Amino acid sequence: ESFFNGQNSFSGKKVLITAGPTYEAIDPVRFIGNHSSGKMGYALAETIARKGGAVTLVSGPVSLAVPAGVELVRVQSAAEMHDACMKRQADYDIAILSAAVADYTPEEVAAEKIKKSEAGLTLTLRKTPDILASLGAAKKKGQLLVGFALETNNELANARKKLESKNADMIVLNSLNDSGAGFGKPTNKITLVLDNGRELAFETKTKEAVAEDIAGQVLQMIS
Ligand code: CTP
Ligand code: CA
């Protein structure tokens, strides 16, 4: 990729990417999290930066190297990730939200480490802000918004519902059913759900190769 033109380059484009899990604090030493490795989002950041994009990567806690030329914004919680993205709402051309954002967060964070008790423990959780829906509601003409969806049943219908309800332009549907694909794995099997009613299904590939497929489709959509 030494030769760039309007169709194979992100040159001049500001690209906002979210990646990784979020950690929702329970007390000073504990959190609610998930198994997201961040690999898919970091592969997207690497691919798009290599193709000339100015990438800002808003990342939850992961243990991955920051790709060359990528601006990293570290966050922990869904609320922090939401704030970091909304601060940049007016300033992106393309946003790709691959983070596995926690849907719920503890209503209260205990100031001290919670002691164990024979009675057990009940946590009250409340919904986190939906970053994709917030960016979708604030989206301006010329901005392209891409979300992800992880589904185990009625995959395509649920992904299309997310596309519409969150005002996204494309949803990357991840198939968990396919063995060898998903959390912590080096591979993914995706279907791109487009806002023109079409769907593009891909084979199981490395996350780097999946990032190339997603980037290629985004380039088609902006040219
Ligand atoms: N997402 C987000 N903020 C949240 C939850 C999800 O930005 N608080 C984004 C994810 O990054 C992803 C998309 O929304 O791009 C879909 O996430 P997913 O978990 O599949 O869908 P939800 O809307 O959270 O619905 P559910 O988990 O019930 O399927
Ligand atoms: Ca969710």
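Observations
- Number of positions in region 115-153 that are over 24 Å from S36 (Cα atoms) and open to solvent by 50 Å² or more (accessible area, probe 1.4 Å): 11
- Close contacts from region 91-105, counting a first residue that is more than 11 Å from L132 (Cα to Cα) and a second that is near ligand 1 (Cβ under 7 Å from one of its atoms) and hydroxyl-bearing (S, T, Y), with Cβ to Cβ under 9 Å and a gap of 6+ residues or different chains, come to A102/T128; D103/T128; Y104/T128; T105/T128.
- You will find that of A84, A102, A65, A78, the residue that is exposed (fewer than 10 other Cβ atoms within 10 Å of the Cβ) and either more than 18 Å from the chain's Cα centre (by Cα) or not β-branched (V, I, T) (or both) is A65 and no other.
- Region 8-120 holds strands (runs of 3 or more DSSP E) entirely within its bounds, and those carrying 2 or more residues that are within 28 Å of P186 (Cβ to Cβ) map to 14-19, 30-32, 54-59, 71-74, 94-97.
The values are calculated or read from the model by the stated rules, or taken from the named source; none is laboratory data. All values reported here derive from a predicted model rather than from experimental measurement. Cβ coordinates were reconstructed from backbone atoms using ideal geometry, including for glycine residues, and neighbour counts include every protein chain displayed. Calculation scope for accessible area: heavy atoms of the full protein, side chains included, ligands and nucleic acids excluded. Shrake-Rupley method; radii C 1.70, N 1.55, O 1.52, S 1.80 Å.
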